[in-house]
Amino acid sequence: MAAPLTLLLIVAVTIRAALFRSSLAELIAERVEVVSPITAWKRVVEGLALLDLGVSPYSGDVFHETPLIIYMFHFLVDYAEITFMLADVITAVALYMAVKEYNKQVFRKQKFALEADRYPMDSLELIRSPKEMYYVPLKVAMFYLLNPFTILSCVAKSTCGLNNAVLALFFLSTIKGNVLLSAIFLCLATYQSIYPITLCAPAMLYFMQRQYIPVNFHRVSFWWFIVQYLFMYLGSLFVLICLSFFLLGSWDYLPSVYGFILSVPDLTPNIGLFWYFFAEMFEHFRLFFLCVFQINVFFYTIPLSIKLKEHPVFLIFMQLAVISIFKSYPTVGDVALYLAFLPVWSHLHRFLRNIFLVSCVLLACSALFPVLWHLWIYAGSANSNFYYAITLLFNVAQILLVSDYFYAFLRREHHLTNGLYLKRKDGSEATLILK
Amino acid sequence: MGLLSDPNRRRALISMLTRLNAPICVVCYFAGVAWFMGLAFEPFTLRTYMSENAMGSTMVEERFPAGERALATGREFAAHKKKVGGMPVDWLVKNMQDRGLEVFTQSFSRTLPFPDENKERYIVKGTNVYGILRAPRAPRTEALVLSAPCSPGDNNNQAVGLLLGLAQYFRNQIYWAKDIIFLVNEHDLIGMQAWLEGYHHTNTTGMSWSPLQGRGGSIQAALSLELSSDVITSLDLVLEGLNGQLPNLDLANLFYAFCQKIGVLCTIQGKLQRNDWDSVSGYNHAVQTMMLMVMKQASGRPWGDHGLFLRYHIEAATIKGVNSFRQYKTDATTIGRLLEGMYRKLNNLLERLHQSYFFYLMPSLSHFVSIGYYMPAFGLLAVILLLRALDLWVQLNTPPSTTEDGVADIDQVRHTLLSVLTPLVISHLTGVALYALPIRFQETAVEHFPVSETEAVVLTAIAIYTAGLALPHNTHRYYIVSTVPDVRGWRVLKLVAVLYLAVLLGCTALINFSLGFILALTLVPLAAFVTPHVPKVLSAFILVILSPACTLLFSVFFFQELQDMPVSFQDGWLLYLSVISQGILDHSLYGSLVYPLIALLVYPCWLLFWNILFWK
């Protein structure tokens, strides 16, 4: 399996290198769908210039990345293209290894269950075979590396690619069962963009499942593990924040990075839901709706964790999707990360209901973004409503996609315990309806 | 969400859609065409009305008196033009200075990628002369443009004369709140392009020009004047700009309102308005006018010197004087008064024209069809593609009766993937060749064949286009040796192609409705019916007939027919060749998008369907 992966990596890097050399790179780096005010490379360069002049990079309202990123690029600015390609490669390899390990676990678990005769006879066709699982890790890497969204994001040198790499490493260390590394990578991701904090829940659930700690509020071992994990997580967060402070010598970056993410002052259009609402809103409602919109990202953690406490890896996927839909400055790079997980759930295909509709809508929206942008900004014949309509449609499609996968996952689990061909009490065939 | 989550109702809906797929598609197609034809029927259209409050009433008093003097200036200009053998720059500069304008010149030069045989030019050098009348009443942040081209021969002398006459008259008025720029541009659109790029500090097409020495404020609106006789019978309004962009409808309304007020006959597409909409001939007339607009818009080229302004957010139109054999004549003073009135109204603008429509079709100057009315016609055609795609999806998802084991399944998937990717890549490479090679290889072609450069470019394009037909269906022979009969392959390819076409046409129709609609009209039926199992020869013939190149050929004949200038096949063919060369030139000179769109996207998409027909 190493050979196809290497080939894939070579192809992916070649495509990126070719695009970096072409005239398209500049065009892509300007696209609002690809870069947000936080992740834009232009702004990082500006921050670097300020830093070189001995001015705080956060003076002015241009640079909003974290101090660590800017110090990293202080040394790597000449190798920026390689850095971003490397980040993509790391993400892909980490996802590849993680999914491979995860598949092994799934298979082992399935074997135990089979041996214990826990599955009803007629649901045997839902059992996953090693043959069909064999290519899944490679497909995941391929979905990430060859996804046009990832390529665009990498060519635009959006720092979102780095965040994705950290998240992928977090995923890998979690799957491998390394609690400390998992906490550290999660903390790095949180440090960069806040929202990954919601991934704490699936990570802890996963470790507890792995170490046979029951999820029970009355058990000491449960609380003890949570305290341990949070200690590592918060400890490294504390170290990072202090490190940033010592690097810069001021707390400027706190309002400029986290305040910027949470209070959404920059209303440049993007593929998210925030900009249009807050551009239209009366000022005195702003705080209230800001809270409503931001809570949206965090709130789903609770019901999802309760429902999926047996399946923390699927929960990670759901959380990543929710973050990339509801975060304040989403870009296509965020979307690409959770789309890479889709091959892992390829066994759910028979239960998906709207996949055709949703993929058509996503495809059409991706093509319409630049067209409507052109009509709005260059031709002047359309207006922001046209563009927002597409944004809205894009997000609705994403939500439908995610909820469709959620439903399919639950339905498969239901069939695994209750049998595939459900009968009503009177013996006629029953269908499941989601209400 | 009932429909999305209730499996029974979904199943019923989907089975209905797949069972009745073909009839629904046919109905949709005819409904789309009928809807489109209905757009020209007057009761279904809206009357134009002025949306912009600042231009609301026509209560300005036009006093321009000096028509005769303007014509005399025009004759003087003609004499100097003949003497110099081109643009009489010094004379123009002196005359504009005498009239109290700040005068500047801009020189430009441009080598065309290949000689333009219609206008007989290859290496173009020229000078633009423009004078700025500074606004006495306001800070000079906004400007209006009046332009007249300096054309070869005896054309447009009166336009320049009237422009100078108006400059002199405007200079003495005190109410101007916007700078007015009087521009005489040489080599029509090339000069205009140089001037606009110079004015806005952009360079999109690699033309060389000297930077502008003087500027007004940001340009709010522009009119281009074409006038070749001392008296005219009617004024024609030209709206279609680059890439089918149209100015705000209020500009057309303004023109119409003043024509009504002053009593000048006005036309659009050279067609007078008629009042007998309820008769067959009246309806025919409206359809003709609208179809002319559709054809012109679809061509994506600027149909007057105003066409390039639109790219810079400047509302612009060309006004053409027509002198035909009608009794009723209008003199230059009246046209001067009309322009004075329009400029005074534009002078009142507080913000850019934006109140009225940007997307519209006009079956007559007093009626229009807005985007909300014409889009359903396109939507009905596009929905056919979606229905076909849904049908294919359902067919693909119905599992075959024999269950296969995992190995075969994976092989099959890889097989399908490969057999879909190959035609996709190859047809796009053909498209890239069609786009890039004709200009690249013109020298080689001229060396080896007895043709001129222009012919070489056009014939190379046609040759590549034809060669493309032979390419793709030979590509998937190599790996058909596999034991599994490939039933999914063409369906997957067709699904991809149909969705591709739907997205492509949708995007095109948003930017340029007419082009999108004409392409949909020919490509949609082809996309809907083609499978490997239809009779080969007949379908291949139909496919070729409906291909983009043939669509263009028919459009040329149809356009001539609409203009009441039918041509013989021989002339039509020559015209067709020149249209192709013009399309390529428009792309490299002004950045028109039609040629790359056809070559890089539409043609490869059509090749995919060609490929499906010859699937083995």
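The values are calculated or read from the model by the stated rules, or taken from the named source; none is laboratory data. Computed from a prediction, not measured in an experiment: that's the story for all the values here. Note that each Cβ is placed from the backbone with ideal geometry, even for glycine, and that neighbours are counted across all protein chains shown. All accessible areas refer to the heavy atoms of the entire protein, side chains included, with ligands and DNA or RNA removed. Shrake-Rupley method; radii C 1.70, N 1.55, O 1.52, S 1.80 Å.
Within region B:56-70, how many residues are modelled with pLDDT under 80 and either among the charged types (D, E, K, R) or touching a Leu at 6+ places or on another chain (Cβ under 7 Å) (or both)? Qualifying residue count, region B:56-70: 0. The residue that is farthest from A:ILE316 (Cα to Cα), among those in region A:385-418 that are surrounded by fewer than 16 Cβ atoms within 10 Å (Cβ to Cβ) and within 12 Å of another protein chain (Cβ to nearest Cβ), is A:ALA389. Screening B:LEU519, B:LEU538 for residues that are in contact with a helix residue (DSSP H, G or I) (Cβ under 8 Å, 6 or more places away or on another chain) and of a type in the set (A, V, I, L, M, F, W, C) leaves exactly one candidate, B:LEU519. Could you tell me whether region B:38-53 includes any residue that is farther than 30 Å from B:PHE517 by Cα, hydrophobic (A, V, I, L, M, F, W, C) and not in a helix (DSSP H, G or I)? No, the conditions are met nowhere in region B:38-53.
Note on region B:125-141: residues that are open to solvent by 10 Å² or more (accessible area, probe 1.4 Å), polar (S, T, N, Q) and under 18 Å from B:GLY198 (Cβ atoms) total 1. Number of residues in region B:6-28 that are surrounded by 11 or more Cβ atoms within 10 Å (Cβ to Cβ) and under 16 Å from B:VAL394 (Cα atoms) equals 15.
Put simply, of B:TYR343, B:TYR312, B:TYR328 the only residue that is within 14 Å of chain A (Cβ to nearest Cβ) and of a type outside the set (Val, Ile, Thr) is B:TYR312. The criterion of at least 1 residues that are in contact (Cβ under 8 Å) with a residue 40 or more places away in the chain and of a type outside the set (A, V, I, L, M, F, W, C) is met, among helices (runs of 4 or more DSSP H) falling completely within region A:214-322, by A:220-248, A:274-280, A:301-307. Residues in region B:588-599 that are closer than 26 Å to B:PHE541 by Cβ and either more than 16 Å from the chain's Cα centre (by Cα) or open to solvent by less than 20 Å² (accessible area, probe 1.4 Å) (or both): B:ALA599 alone. Residues considered: A:ALA382, A:ALA336. Of these, the only one that is in a helix (DSSP H, G or I) and buried (at least 20 other Cβ atoms within 10 Å of the Cβ) is A:ALA336.
Within region B:18-25, can one find any residue that is in contact with an Asp or Glu (Cβ under 7 Å, 6 or more places away or on another chain), within 14 Å of chain A (Cβ to nearest Cβ) and at pLDDT below 90? Yes, there is a match, as at least one residue in region B:18-25 is in contact with an Asp or Glu (Cβ under 7 Å, 6 or more places away or on another chain), within 14 Å of chain A (Cβ to nearest Cβ) and at pLDDT below 90. Only one of the numbered conditions (1) open to solvent by 10 Å² or more (accessible area, probe 1.4 Å); (2) among the aromatic types (Phe, Trp, Tyr); (3) under 22 Å from the mean Cα position of the chain (by Cα) is not met by B:TRP277, and that is (3). Suppose we keep only residues that are part of a helix (DSSP H, G or I) and of a type in the set (Phe, Trp, Tyr) within region A:339-352. Which one would you say is farthest from the other protein chains (Cβ to nearest Cβ)? Within region A:339-352, the match that is farthest from the other protein chains (Cβ to nearest Cβ) is A:TRP345.
Taking the criterion of being open to solvent by less than 30 Å² (accessible area, probe 1.4 Å) and within 12 Å of chain B (Cβ to nearest Cβ), the residues of region A:124-156 that qualify are A:ARG128, A:MET133, A:VAL136, A:LEU138. From the list B:LYS296, B:LYS261, B:LYS271, the lone residue that is open to solvent by 30 Å² or more (accessible area, probe 1.4 Å), more than 14 Å from every other protein chain (Cβ to nearest Cβ) and among the basic types (Lys, Arg) is B:LYS261. Applying the condition of being free of Cβ contacts under 8 Å to residues at least 12 places away in the same chain and over 33 Å from the mean Cα position of the chain (by Cα) to region B:86-124 and asking which residue is least open to solvent (accessible area, probe 1.4 Å) yields B:ASP98. Taken over region B:346-358, the criterion of being surrounded by fewer than 19 Cβ atoms within 10 Å (Cβ to Cβ) and within 14 Å of another protein chain (Cβ to nearest Cβ) is satisfied by B:GLU351, B:ARG352, B:HIS354, B:GLN355. Does region B:246-263 contain at least one residue that is within 25 Å of B:TYR130 (Cα to Cα) and of a type in the set (Val, Ile, Thr)? The answer is no, given that none of the residues of region B:246-263 is within 25 Å of B:TYR130 (Cα to Cα) and of a type in the set (Val, Ile, Thr). Residue check: B:SER224 meets all listed conditions (1) over 28 Å from the mean Cα position of the chain (by Cα); (2) crowded, with 22+ Cβ neighbours inside 10 Å; (3) hydroxyl-bearing (Ser, Thr, Tyr) but one, namely (1). Each residue in region A:60-76 was checked for being farther than 23 Å from A:PRO265 by Cα and in contact (Cβ under 8 Å) with a residue 40 or more places away in the chain, and 1 pass.
Of note, A:THR174 does not satisfy the criterion of being in contact (Cβ under 8 Å) with a residue 40 or more places away in the chain, under 15 Å from the mean Cα position of the chain (by Cα), more than 14 Å from every other protein chain (Cβ to nearest Cβ) and buried (at least 19 other Cβ atoms within 10 Å of the Cβ). What about B:ARG63, is it open to solvent by 60 Å² or more (accessible area, probe 1.4 Å) and free of Cβ contacts under 8 Å to residues at least 60 places away in the same chain? Judged against the criteria, B:ARG63 is not a match. Of all residues in region B:359-400, those being free of Cβ contacts under 8 Å to residues at least 24 places away in the same chain and either buried (at least 21 other Cβ atoms within 10 Å of the Cβ) or within 10 Å of another protein chain (Cβ to nearest Cβ) (or both) number 2. Mind checking which residues of region A:353-379 are closer than 30 Å to A:LEU410 by Cβ, at pLDDT 90 or above, more than 8 Å from chain B (Cβ to nearest Cβ) and open to solvent by less than 50 Å² (accessible area, probe 1.4 Å)? Hits for region A:353-379 are A:VAL358, A:VAL361, A:LEU362, A:CYS365, A:SER366. Only residues that are of a type in the set (A, V, I, L, M, F, W, C), at pLDDT below 90 and in contact with a helix residue (DSSP H, G or I) (Cβ under 7 Å, 6 or more places away or on another chain) were counted in region B:563-588, giving 1.
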